[in-house]
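Q: What follows is a structure written as structure tokens; I'll ask about it next.
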Amino acid sequence: MRPGDEVTVHQLLGRISYFHALFIEPTLAPATAATSGEACCNHRTPAETVRPSVGGLLAHSAWAVLDEVAATLGARAGRCPSHGHACCATCRVAGSAAAVADAWLATEHRAYRRLEPGAPMRQACREAVAARLTRVFVHQHHAPCPAAHVDEKAGAWLLPGADELPLTGELLALWRDPLSGGGSPVVSWLNHCTDLDDIRRVLDTRRLTP
């Protein structure tokens, strides 16, 4: 990674943690049903090559915060059936990112009094966020696995923009290519909000403004 890239990654992960604690967790939309996750690379049968583990790599990096955020999501997280420190670190990042995306998408819809997002939108959002965060994790830690090859192109037109769902839209935009140096698509006015009601009021005002 180039000088400064690691700082950028830490800042973006910190923004996920901060926004989740401030906006999402207090009004988290309940999961519709328990999500049974797939076995990670290190727990598949027959066993594949053992890859860097959660306990060996993830727990000692800034990415541990993503796992901590996903742990607040309960059934929505879709953990490996053998969930533990021996799990593949890259699989855990992909699964945690997908769970965060799904929770943010559903919670924002609910908070802004919108209809529940449909299954195609949820799937597209989960896959896009998982692919984007996992790509950065693999680049930083050289820990490839099949989870790093999720295709995010299918249903890309369903992904929400920051003008529609500010938190989820910004999450998607910030992680699209965060190490390119092409500028940061931060939704700056979010920094002045303290809860989802504040965000909803800003959105309502913007819709009424010609």
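Q: Quick one: how many residues across segment 45-78 are surrounded by fewer than 17 Cβ atoms within 10 Å (Cβ to Cβ), over 14 Å from S96 (Cβ atoms) and modelled with pLDDT of 85 or more?
A: 3
Q: Okay, moving on. Give H109, H139 a once-over and let me know the one that is assigned to a helix (DSSP H, G or I) and either in contact with a Phe, Trp or Tyr (Cβ under 6 Å, 6 or more places away or on another chain) or within 19 Å of V7 (Cβ to Cβ) (or both).
A: On the way: H109 fails: either in contact with a Phe, Trp or Tyr (Cβ under 6 Å, 6 or more places away or on another chain) or within 19 Å of V7 (Cβ to Cβ) (or both).
Going through H109, H139 in turn, just one is assigned to a helix (DSSP H, G or I) and either in contact with a Phe, Trp or Tyr (Cβ under 6 Å, 6 or more places away or on another chain) or within 19 Å of V7 (Cβ to Cβ) (or both): H139.
Q: Yes or no: segment 158-175 includes at least one residue that is more than 14 Å from the chain's Cα centre (by Cα) and within 28 Å of M1 (Cβ to Cβ).
A: The answer is yes; a qualifying residue exists.
Q: I need the full set of residues from segment 48-98 which are among the polar types (S, T, N, Q) and assigned to a helix (DSSP H, G or I), in order please. Step through it out loud before you land on a result.
A: The initial filter retains those residues of segment 48-98 that are among the polar types (S, T, N, Q), namely 49, 53, 61, 72, 82, 90, 96.
Passing the criteria: T90, S96.
Q: Out of segment 187-208, which residues are touching a helix residue (DSSP H, G or I) at 6+ places or on another chain (Cβ under 9 Å), in contact (Cβ under 8 Å) with a residue 40 or more places away in the chain and surrounded by 10 or more Cβ atoms within 10 Å (Cβ to Cβ)? Outline the logic, then answer.
A: Quick first cut of segment 187-208, residues touching a helix residue (DSSP H, G or I) at 6+ places or on another chain (Cβ under 9 Å) only: 187, 189-190, 192-200, 202-203.
Of the ones still in play, those that are also in contact (Cβ under 8 Å) with a residue 40 or more places away in the chain are 190, 193-197, 199-200, 203.
Matches in segment 187-208: L190, C193, D195, L196, D197, I199, R200, L203.
The values are calculated or read from the model by the stated rules, or taken from the named source; none is laboratory data. Just so you know, these numbers come straight off a predicted model, no measurement behind them. Ideal geometry is used to build each Cβ from the backbone, glycine not excepted, and the neighbour counts take in all protein chains shown.
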